[in-house]
Amino acid sequence: MPVSLPSRPHRVLLALGLASLLAACGKGDAEGGKGGKGGQPPATVSTLQVQPVRWSDELKALGTANARESVTITASVSQTIASVEFDSGDYVKQGQPLVTLVQGQQTANVAQAQAQLRNAEQLYERSRKLADQQLIARADLDTQRSALEAARAQVATQRATVADRVIRAPFAGVLGLRLVSAGSLVTPGTPITTLDDVSTIKLDFTFPEAALSQLALGQRVNARSEAWPGETFVGTVASIDSRVDPVSRAVTVRAEIPNADGRLRPGMLLDVGVERAARNTLAIPELALQQNGTVSSVYRVEAGDQVKEVPVKIGSRRFGEVEIVSGLKAGDRIVVEGTVKLRDGAKIKDVGANAATGEAPDAAPQGAGAEGTRPAKGG
């Protein structure tokens with residue numbers, strides 16, 4: 001059976017009636033939502049009261065390991081290698097021979113100089129006896145004395161040329177890779193090997209100039225390497241550069257780390273933590289922190305169980321906690337869990353208030369920074 005549709009005037013009246021009904025419903029919802037009266041119930045949250053805590057943390061940086069002493073062994077003259085007396089990775093003592101160069105001509109020159117010295121000594125001895133008998137002038141004796149001293153100097157010179165043909169370790173340490181073989185021709189500057197004293201590692205790293213007031217000689221340094229996961233190498237700050245780099249505005253710090261077992265090697269990249277002195281500060285769980293771009297904030301509980309979003313300046317972090325530098329004071333109560341449901345001025349219902357900072361009731365973590373130990377309930 002065909003259905004008759006309303007006429008055009010009736011359809012217009014029907015549309016106007018529906019629009020009025022929807023507007024009335026929307027107005028009622030808006031009025032009910034204002035101030036939480038007759039609208040949404042208070043948000044269920046848990047809070048804590050902010051209190052000062054004892055805080056100890058580290059200044060973080062990346063550092064490069066350097067040997068206590070390090071040198072590239074080279075020759076000082078041009079000559080062929082007669083023998084190599086070390087192998088890669090050997091530990092050598094100070095003064096130990098490493099390479100001997102061909103020295104036949106130099107050895108012959110020493111023998112010649114020694115023969116001239118003996119002759120000069122004999123001539124001088126005769127001249128001295130004749131001078132004692134006043135058979136020659138004193139000037140002749142002085143001439144022979146000068147000749148004798150020149151002969152002695154010539155012997156010393158020739159012996160030095162022989163010594164230059166034996167390359168020795170300038171200090172005790174570990175040798176690097178051997179880069180030459182017997183029969184190789186070396187010239188001044190030709191690398192033969194490297195020598196590193198790694199009994200102590202010098203660890204260099206940089207901090208922004210703003211950290212200068214927090215650095216001091218003797219501070220404990222904890223260094224960690226990916227080569228030795230889970231291990232910490234402990235040292236102390238040995239020196240702080242007297243200048244700040246005018247380009248990077250950073251200051252270089254050097255720490256010394258004992259390395260008797262030789263596990264740390266020059267050139268390694270290490271994670272560095274310089275321990276700062278313990279201090280009293282305000283800290284809150286990272287769970288309570290709201291992050292909007294570079295702006296950090298928390299919800300502070302005001303009178304009448306309303307919350308206010310207040311900006312805060314944060315410092316360092318540790319184990320699920322964050323240091324509050326400014327924006328809060330001791331005794332303030334903040335929302336820890338349930339922040340995702342809040343807005344500025346919202347009403348709340350606290351179901352698990354805590355009086356100790358850094359602890360919150362058991363609940364599923366919300367938001368960023370939820371790592372660390374699960375807090376315990378308290379009242």
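The values are calculated or read from the model by the stated rules, or taken from the named source; none is laboratory data. It should be emphasised that the depicted structure is a prediction, and the values quoted were computed from it without experimental measurement. Glycine also receives a Cβ, built like all others from the backbone with ideal geometry; neighbour counts cover every protein chain displayed.
Residues considered: 94, 158, 112. Of these, the only one that is outside the structural domain of residue 260 (by TED's automatic domain parsing), out of contact with any strand residue (DSSP E or B) (no Cβ under 7 Å at 6 or more places or on another chain), touching a residue at least 24 places away in the same chain (Cβ under 8 Å) and surrounded by 17 or more Cβ atoms within 10 Å (Cβ to Cβ) is 158. Somewhere in segment 59-72, is a residue loosely packed, with under 15 Cβ neighbours inside 10 Å and farther than 30 Å from residue 318 by Cβ? Yes, segment 59-72 has at least one match. From the list 301, 295, the lone residue that is loosely packed, with under 15 Cβ neighbours inside 10 Å, closer than 30 Å to residue 335 by Cβ and modelled with pLDDT of 90 or more is 295. Across segment 258-277, the qualifying residues are those that are surrounded by 13 or more Cβ atoms within 10 Å (Cβ to Cβ) and free of Cβ contacts under 8 Å to residues at least 60 places away in the same chain, and the one among them that is nearest to residue 176 (Cα to Cα) is 263.
Quick grid of which residues meet (1) more than 30 Å from residue 117 (Cβ to Cβ); (2) over 28 Å from the mean Cα position of the chain (by Cα):
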| site | (1), (2) |
| --- | --- |
| 154 | no, yes |
| 159 | no, yes |
| 164 | no, yes |
| 172 | yes, no |
| 176 | yes, no |
| 179 | yes, yes |
| 187 | yes, yes |
| 196 | yes, no |
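Taking the conditions exactly as written (touching a Pro at 6+ places or on another chain (Cβ under 8 Å), in a strand (DSSP E or B) and either exposed (fewer than 12 other Cβ atoms within 10 Å of the Cβ) or modelled with pLDDT of 70 or more (or both)), does residue 336 satisfy them or not? Against the criterion (touching a Pro at 6+ places or on another chain (Cβ under 8 Å), in a strand (DSSP E or B) and either exposed (fewer than 12 other Cβ atoms within 10 Å of the Cβ) or modelled with pLDDT of 70 or more (or both)), residue 336 qualifies.
Residues that are surrounded by 17 or more Cβ atoms within 10 Å (Cβ to Cβ) and touching a Leu at 6+ places or on another chain (Cβ under 7 Å) within segment 222-235 comprise 223, 225, 233, 235, listed in sequence order.
Residues that are over 30 Å from residue 67 (Cβ atoms), among the β-branched types (Val, Ile, Thr) and modelled with pLDDT of 85 or more: which strands (runs of 3 or more DSSP E) entirely in segment 94-180 hold 2 or more of them?
Working: elements: 97-101, 166-168, 173-175.
Qualifying strands (runs of 3 or more DSSP E): none found.
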